[in-house]
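First up is the structure itself, then whatever we jot down about it.
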Ligand SMILES: Nc1ncnc2c1ncn2[C@@H]1O[C@H](COP(=O)(O)OP(=O)(O)OP(=O)(O)O)[C@@H](O)[C@H]1O
Ligand SMILES: [Mg+2]
């Protein structure tokens, strides 16, 4: 199954709507609850990152028997030093974003922890692509 | 075993057998007002966690955890939805707009407003036997 969602940078009132929708889909597919929680949390962090740090984005979800692949593609400032961005505590979040409870610099590491593999590619000034894959170990849809 | 007695009995069984507390009892200990999902206020709480940091909330793995926070925004509700948190206490009577209440209602999350600070709410509930997560 494939799903595509669009997200707008800065639109905090809808931030998390994609993760929420995917959460419901995974429940319908009877994916193990703990597994689906990991997937949804990684996706949510990625979705919020686009809203907080980029201008617009597209989320592609591809689910089959074996795994779920999530690709988050955004237009935005990109990430110059990915290794640094991955460090816990590193954040360039604005004051406005921090006031909402984000900006601890934990999102990317949380995404890595909650997925089986994560790949980031970025072109400064153009945008970022984050790909997350998680295996469904027999809990097929 | 009818009416009020029944409620008291449930409260008693929660304490003795599960070491949990009813959400309604939580509210009464902190001068709290249940703002939405009253029908779920008969649920039980065993653990609580105080935080204003969404990435911290996203690390909560246990179910039936109560979140105590000073933030009153949509992100707290969304983040709680992701972490399967089913009850949130908003400290210092922060204004909850209709959008926030609507999202909480859609997700079956009980919202409680309390005039107390995060510190005092945490203290009262800890004293009453609610367990810390960390
Ligand atoms: N999609 C993106 N586009 C541009 N920069 C990004 C993007 N995602 C992350 N970054 C950069 O990497 C940093 C670290 O991201 P991370 O998600 O770990 O933390 P955060 O978003 O700042 O805070 P938190 O996720 O804890 O709320 C960000 O502050 C930002 O500088
Ligand atoms: Mg982030």
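The values are calculated or read from the model by the stated rules, or taken from the named source; none is laboratory data. Since this is a predicted model, take the numbers as computed values, not measurements. Virtual Cβ from ideal backbone geometry, glycine too; neighbours counted across all protein chains shown.
Tell me, yes or no, whether the stretch A:22-37 has at least one residue that is within 12 Å of the chain's Cα centre (by Cα), under 27 Å from residue A:124 (Cα atoms) and modelled with pLDDT of 95 or more.
The initial filter retains those residues of the stretch A:22-37 that are within 12 Å of the chain's Cα centre (by Cα), namely A:22.
Those left that are additionally under 27 Å from residue A:124 (Cα atoms): none.
No, the stretch A:22-37 has no match at all.
Could you say which residue among A:121, A:92, A:133 is away from chain B (no Cβ under 14 Å), out of contact with any helix residue (DSSP H, G or I) (no Cβ under 6 Å at 6 or more places or on another chain) and within 8 Å of ligand 1 (Cβ to nearest atom)?
Details: A:121 fails: within 8 Å of ligand 1 (Cβ to nearest atom); A:133 fails: within 8 Å of ligand 1 (Cβ to nearest atom).
Exactly one residue qualifies, and that residue is A:92.
If only one of B:94, B:102 is surrounded by fewer than 19 Cβ atoms within 10 Å (Cβ to Cβ), under 22 Å from residue A:22 (Cα atoms), more than 10 Å from every other protein chain (Cβ to nearest Cβ) and out of contact with any strand residue (DSSP E or B) (no Cβ under 7 Å at 6 or more places or on another chain), which one is it?
Matching residue, one of B:94, B:102: B:102.
Say we look at the stretch B:106-129 and pick out the residues that are within 23 Å of residue B:39 (Cα to Cα) and within 14 Å of chain A (Cβ to nearest Cβ); which of these is surrounded by the most Cβ atoms within 10 Å (Cβ to Cβ)?
Out of the qualifying residues, it is B:109.
Conditions tested, residue by residue: (1) closer than 23 Å to residue A:17 by Cα; (2) within 14 Å of chain A (Cβ to nearest Cβ); (3) in contact with a strand residue (DSSP E or B) (Cβ under 8 Å, 6 or more places away or on another chain).
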| position | (1), (2), (3) |
| --- | --- |
| B:22 | no, no, yes |
| B:29 | no, no, no |
| B:33 | no, no, yes |
| B:37 | yes, no, yes |
| B:46 | no, no, yes |
| B:51 | yes, yes, yes |
| B:54 | yes, yes, no |
| B:58 | yes, yes, no |
| B:64 | yes, yes, yes |
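Are there helices (runs of 4 or more DSSP H) fully within the stretch A:47-141 with at least 3 residues that are within 24 Å of residue A:33 (Cβ to Cβ)? List them.
Details: elements: A:82-86, A:95-99, A:107-113.
The qualifying helices (runs of 4 or more DSSP H) are A:107-113.
Looking at the stretch A:107-114, is at least one residue closer than 22 Å to residue A:10 by Cβ, touching a strand residue (DSSP E or B) at 6+ places or on another chain (Cβ under 9 Å) and away from chain B (no Cβ under 14 Å)? Show your work before the answer.
Initially, the stretch A:107-114 is screened for residues closer than 22 Å to residue A:10 by Cβ, giving A:107-108, A:110-111.
Filter once more, keeping what is touching a strand residue (DSSP E or B) at 6+ places or on another chain (Cβ under 9 Å): A:108, A:111.
Remaining after also requiring away from chain B (no Cβ under 14 Å): none.
So far as the stretch A:107-114 goes, no, none of its residues is closer than 22 Å to residue A:10 by Cβ, touching a strand residue (DSSP E or B) at 6+ places or on another chain (Cβ under 9 Å) and away from chain B (no Cβ under 14 Å).
Any residue in the stretch A:61-71 that is over 24 Å from residue A:136 (Cβ atoms), more than 11 Å from chain B (Cβ to nearest Cβ) and touching a strand residue (DSSP E or B) at 6+ places or on another chain (Cβ under 6 Å)? Write out each step before concluding.
Narrowing the stretch A:61-71 to residues over 24 Å from residue A:136 (Cβ atoms): none.
Checked against the condition, which is being over 24 Å from residue A:136 (Cβ atoms), more than 11 Å from chain B (Cβ to nearest Cβ) and touching a strand residue (DSSP E or B) at 6+ places or on another chain (Cβ under 6 Å), the stretch A:61-71 yields no hits at all.
Looking at (1) crowded, with 19+ Cβ neighbours inside 10 Å; (2) within 7 Å of ligand 1 (Cβ to nearest atom); (3) within 14 Å of chain B (Cβ to nearest Cβ), which is the one condition that is false for residue A:128?
Tallying (1) crowded, with 19+ Cβ neighbours inside 10 Å; (2) within 7 Å of ligand 1 (Cβ to nearest atom); (3) within 14 Å of chain B (Cβ to nearest Cβ), residue A:128 fails exactly one: (3).
Hey, does the stretch A:92-102 have a residue that's without any contact (Cβ under 8 Å) to a residue 24 or more places away in the chain, crowded, with 19+ Cβ neighbours inside 10 Å and out of contact with any strand residue (DSSP E or B) (no Cβ under 9 Å at 6 or more places or on another chain)?
no
Tell me which residues, restricted to the stretch A:1-56, are within 16 Å of ligand 1 (Cβ to nearest atom), under 15 Å from residue A:71 (Cα atoms) and loosely packed, with under 15 Cβ neighbours inside 10 Å.
Selection gives A:6 alone.
Identify the single condition in (1) within 16 Å of ligand 2 (Cβ to nearest atom); (2) in contact (Cβ under 8 Å) with a residue 24 or more places away in the chain that residue A:84 does not satisfy, given that it satisfies every other one.
(2)
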